[in-house]
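One structure is given here, and the rest of the page talks about it.
The values are calculated or read from the model by the stated rules, or taken from the named source; none is laboratory data. Note that the coordinates shown come from a computational prediction; the quantities given were computed from them, not determined experimentally. All Cβ positions, even for glycine, are placed from backbone atoms using ideal geometry, and neighbour counts span all protein chains on display.
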């Protein structure tokens, strides 16, 4: 709540900036939503009345903000409107540290396969030749790659473009 108090204190100064003034309202909403999401991040459930009190809001306005956040997909939770409790969806936090290494591994495997294929093509003395170059006038915007085929490599050339 001290962050929001400082924000309201500097709001008139920020409103005078011609470049910032048009984005000020959206920026404040994003800051507020980020505060709410970070507050509930370590918990499986939390009292909306306590959070509304800390952010100086009524419980009804705060509940509407939660509905908006859930619809936007910024927080995965359910709201108990009777008891004013937010139940955050249970996610396996152990999975997230492994996502980046797995995607990096898949990308490196794909790159390695492409390099092995390229080296096998070079070793077999093959190259890619485009038949459309010899049969038609090549336009500067012609990117037709559907007519390419493997042909024997000319000695000294790795790629034979015709």
Handout entry: Residue satisfying condition, being in a helix (DSSP H, G or I) and more than 24 Å from the chain's Cα centre (by Cα), within set 34, 7
Key = 7
Exercise for the section: Please determine, by comparing only the residues of the range 10-44 that are surrounded by 14 or more Cβ atoms within 10 Å (Cβ to Cβ) and in contact with a strand residue (DSSP E or B) (Cβ under 9 Å, 6 or more places away or on another chain), which one is farthest from residue 89 (Cα to Cα). Expected result: 39
Fill in the blank from the handout: For the range 49-66 the number of residues that are modelled with pLDDT under 85 and in a loop (DSSP other than H, G, I, E, B) is 3
Fill in the blank from the handout: Filtering the range 59-114 down to residues that are farther than 22 Å from residue 26 by Cβ and in contact (Cβ under 8 Å) with a residue 40 or more places away in the chain yields 85, 86, 87, 88, 90
Problem - Selection from the range 78-88 of residues that are part of a strand (DSSP E or B) and at pLDDT 85 or above - result: 78, 79, 80, 85, 86, 87
